[in-house]
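Working notes, beginning with the structure itself.
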Amino acid sequence: EPEVTQTPSHQVTQMGQEVILRCVPISNHLYFYWYRQILGQKVEFLVSFYNNEISEKSEIFDDQFSVERPDGSNFTLKIRSTKLEDSAMYFCASSRGQQETQYFGPGTRLLVL
Amino acid sequence: EDKVVQSPLSLVVHEGDTVTLNCSYEVTNFRSLLWYKQEKKAPTFLFMLTSSGIEKKSGRLSSILDKKELFSILNITATQTGDSAIYLCAVEYGNKLVFGAGTILRVKS
């Protein structure tokens with residue numbers, strides 16, 4: 001069964017450094033998403049992406065964040081200058097259509113020191 | 001502000017018990033409600049509900065939506081230790097999911 005995959009599974013970085021989190025969505029899916037979950041808190045929406053454009057973003061997704069689909073398979077989330085409060089589990093998700101089920105990847109645990 | 005509220009926050013039961021998890025929502029432009037199971041990492045999809053009163057069933061799990069009263073329930077019958085997890089309710093609107101805080105279920109053998 002096709003799955004969303006994410007790399008790396010864990011990343012530790014110093015405050016102020018740039019990080020790139022990678023995702024490979026399910027191959028016939030057209031909509032892509034990033035969510036994050038700070039330890040002990042709710043899963044929060046960051047951004048949705050369709051047709052090489054951001055379709056919606058949350059207040060969390062400020063100028064420090066960007067997303068890209070650099071090729072036909074990868075979907076990346078970049079944090080330009082990480083802050084301590086960016087420490088969280090970051091989930092990528094994809095769906096076939098806009099009102100269809102979103103399937104989640106295993107997540108990348110980011111720790112900013 | 002749109003919100004999704006789950007209850008109870010946590011629950012401990014014995015194997016074989018039946019549990020009911022609740023999810024209420026206040027979301028404008030509601031499209032669908034989804035249930036996910038979260039074990040160690042990724043939320044795993046269980047159900048998507050769009051219509052009131054139609055039960056969705058998968059093995060020992062079932063779920064139903066009430067769009068008039070704005071809530072959904074997830075039932076698990078004959079619980080097993082492998083059902084221990086966090087159960088997340090999420091409501092879809094726009095291009096995103098809004099999640100509740102989850103219900104932590106622990107099934108003791």
Task: Complete set of residues in the range B:34-55 that are within 9 Å of the chain's Cα centre (by Cα) and not basic (K, R) - done: B:L34, B:W35, B:Y36, B:L46, B:F47
Open item on the list: Let me confirm something: among B:F71, B:F99, which residue is crowded, with 16+ Cβ neighbours inside 10 Å and within 12 Å of chain A (Cβ to nearest Cβ)?
Closed with: B:F99
Task: Among (1) more than 8 Å from every other protein chain (Cβ to nearest Cβ); (2) acidic (D, E); (3) touching a residue at least 40 places away in the same chain (Cβ under 8 Å); (4) open to solvent by less than 60 Å² (accessible area, probe 1.4 Å) - the single one B:E92 does not satisfy - done: (1)
TODO: Give the residue, chosen from A:C92, A:C23, that is farther than 26 Å from B:T103 by Cβ, within 13 Å of chain B (Cβ to nearest Cβ), surrounded by 22 or more Cβ atoms within 10 Å (Cβ to Cβ) and not aromatic (F, W, Y).
DONE: A:C23
Open item on the list: Against the definition (at pLDDT 95 or above and either part of a strand (DSSP E or B) or within 13 Å of chain A (Cβ to nearest Cβ) (or both)), how does B:K41 come out, yes or no?
Closed with: no
- [ ] Go through the range B:13-30 and count every residue that is modelled with pLDDT of 95 or more, open to solvent by 20 Å² or more (accessible area, probe 1.4 Å) and over 16 Å from the mean Cα position of the chain (by Cα).
- [x] 4
Open item on the list: Where the second residue is surrounded by 14 or more Cβ atoms within 10 Å (Cβ to Cβ) and among the aliphatic types (A, V, I, L, M) and the first is at the interface with chain B (Cβ under 7 Å from one of its Cβ atoms) and at positive phi and lies in the range A:97-113, which pairs have Cβ atoms under 8 Å and are six or more apart or on separate chains?
Closed with: A:G107/A:M89; A:G107/B:A42
TODO: Go through (1) surrounded by 14 or more Cβ atoms within 10 Å (Cβ to Cβ); (2) farther than 17 Å from B:P43 by Cα; (3) more than 9 Å from chain B (Cβ to nearest Cβ) and name the single condition A:F32 misses.
DONE: (2)
Open item on the list: Looking only at the range B:49-64, how many residues end up being modelled with pLDDT of 95 or more and away from every other protein chain (no Cβ under 14 Å)?
Closed with: 6
Open item on the list: For the range A:35-56, which positions are open to solvent by 70 Å² or more (accessible area, probe 1.4 Å) and either at the interface with chain B (Cβ under 9 Å from one of its Cβ atoms) or over 27 Å from B:T103 (Cα atoms) (or both)?
Closed with: A:Q41, A:K42, A:Y50, A:N51, A:N52, A:E53, A:I54
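The values are calculated or read from the model by the stated rules, or taken from the named source; none is laboratory data. What you see is a predicted model; the values in this text were computed from it and never measured. Here Cβ is always computed from backbone atoms with ideal geometry, including for glycine, and neighbour counts include all displayed protein chains. Protein only, heavy atoms only, side chains kept; ligands, DNA and RNA dropped before computing areas. Shrake-Rupley method; radii C 1.70, N 1.55, O 1.52, S 1.80 Å.
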